[in-house]
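**Q** What follows is a single structure, and I will ask about it in a moment.
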Amino acid sequence: MVEHRHRLLRGRAAEVVLAAGVTLAVTATGGCAGGGGGSDDRSPEAAASVVRGAADALARTGSARARTAMEMATGGTRVTIRGEGGVDFKKRMGQLLVLLPADVKGEDERRPITELLVPGALYMKNRGAGVPADKWVRIDTTTLADGNLVTGGATDPLIAAELLRAAQQVTYVGETEVAGTKVRHYRGTTDIGRAAVSASAEMRGALAAAAKGFSKDTVPFDAYLDEEGRLRKVRHRFSYVNNGVIDVSSTTLLYGFGTPVTVVLPASGDIYAGKIAD
């Protein structure tokens, strides 16, 4: 009985983030360009400028492979949801396979959720919660209280980069390596509301929603940029309220730059129009 209750608690911790945004969606009717820096990026002003330009550097690059990890802690329970896929930073589109922990639904099998990321919307397949296996769920991210920073179980890599446009109090930590690539490590905070104002037009709506939904706009981050100013890794730390406080550490890893990314949106007839359970 104790083990069964423990599994249910772990499952609830991970499910609550995915379920919250879907419920809300159903009920809701310019940074500086530049390279990776050099010795100048060690000053606070230059470091902030380099980090704010990371989203533009990615747009110039085009596309990349992505891995995500979202660690959530609530009530003494800690779970991690992982994702993998690709993002086209020019077309502002991406696709991820998000893998829930083994016991989220009380089952050993972990069937991945397919997520399509486009400006203003999140499409999810294998969402469960009463949705037929062959149907997609479409969520308007501009109606989500978190703007899809945590709802999908993975922070949209496009949004993760756009958040850095409002980087402030940035310090240069030093050089290190990410997946065998030499990078520069920066630490600071960003402001969701300011990021919404500075974001590209396609990403502005989701960030504006998040700015209204989070109790605190300030988000600490660690960002790792390569010599071309491209974001290789970023970790954001959110505090999200949903039936209690959930501390979220969201990490996005980018690699394989230039790898083609194809996103095919589902036909209207393949989108589930029924009620979605929590």
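**Q** Any idea which of (1) on the phi > 0 side of the Ramachandran plot; (2) modelled with pLDDT of 95 or more is the one K182 doesn't satisfy?
**A** (1)
**Q** Look through segment 60-94, keep the residues that are at pLDDT below 95 and aliphatic (A, V, I, L, M), and return whichever of them is nearest to the chain's Cα centre (by Cα).
**A** Top of the filtered list is M70.
**Q** Please go through (1) open to solvent by 30 Å² or more (accessible area, probe 1.4 Å); (2) at pLDDT below 95; (3) touching an Asp or Glu at 6+ places or on another chain (Cβ under 7 Å) for L97 and return the number of the only condition it doesn't satisfy.
**A** (2) is the only condition that L97 fails.
**Q** Out of A211, A196, which single residue is open to solvent by less than 20 Å² (accessible area, probe 1.4 Å), under 18 Å from N148 (Cβ atoms), among the small types (G, A, S) and in contact with a helix residue (DSSP H, G or I) (Cβ under 8 Å, 6 or more places away or on another chain)?
**A** On the way: A211 fails: open to solvent by less than 20 Å² (accessible area, probe 1.4 Å).
From the options A211, A196, the qualifying one is A196.
**Q** Applying the selection to segment 225-256, what residues are on the phi > 0 side of the Ramachandran plot and among the small types (G, A, S)? Please lay out each step first, then the result.
**A** The initial filter retains those residues of segment 225-256 that are on the phi > 0 side of the Ramachandran plot, namely 229, 243-244, 256.
G229, G244, G256, listed by residue number.
**Q** Which residues, taken from segment 165-193, are open to solvent by 60 Å² or more (accessible area, probe 1.4 Å), of a type in the set (A, V, I, L, M, F, W, C) and not in a strand (DSSP E or B)?
**A** A179
**Q** Out of all the residues in segment 226-278, which are hydrophobic (A, V, I, L, M, F, W, C) and part of a loop (DSSP other than H, G, I, E, B)? Before the answer, list the steps.
**A** If we filter segment 226-278 for residues that are hydrophobic (A, V, I, L, M, F, W, C), which is where we start, we get 231, 234, 238, 241, 245-246, 248, 253-254, 257, 261, 263-265, 267, 271, 273, 276-277.
Selection gives F257, V261, V263, V264, L265, A267, A273, I276, A277.
**Q** May I ask you to list pairs of residues, at least six apart or on different chains, whose Cβ atoms are under 8 Å apart, with the first in segment 187-204 being polar (S, T, N, Q) and the second being modelled with pLDDT of 90 or more and open to solvent by 90 Å² or more (accessible area, probe 1.4 Å)?
**A** T189/Q169
**Q** Moving on. Can you confirm whether segment 219-235 contains a residue that is surrounded by fewer than 19 Cβ atoms within 10 Å (Cβ to Cβ), of a type in the set (S, T, Y) and at pLDDT 90 or above?
**A** no
The values are calculated or read from the model by the stated rules, or taken from the named source; none is laboratory data. Values in this document were obtained by computation on a predicted structure and should not be read as measured data. Counting neighbours? That spans all protein chains shown, and the Cβs are built from the backbone with ideal geometry, glycine included. Each accessible area value is taken on the protein alone, full model and side chains, heavy atoms only, with ligands, DNA and RNA left out. Shrake-Rupley method; radii C 1.70, N 1.55, O 1.52, S 1.80 Å.
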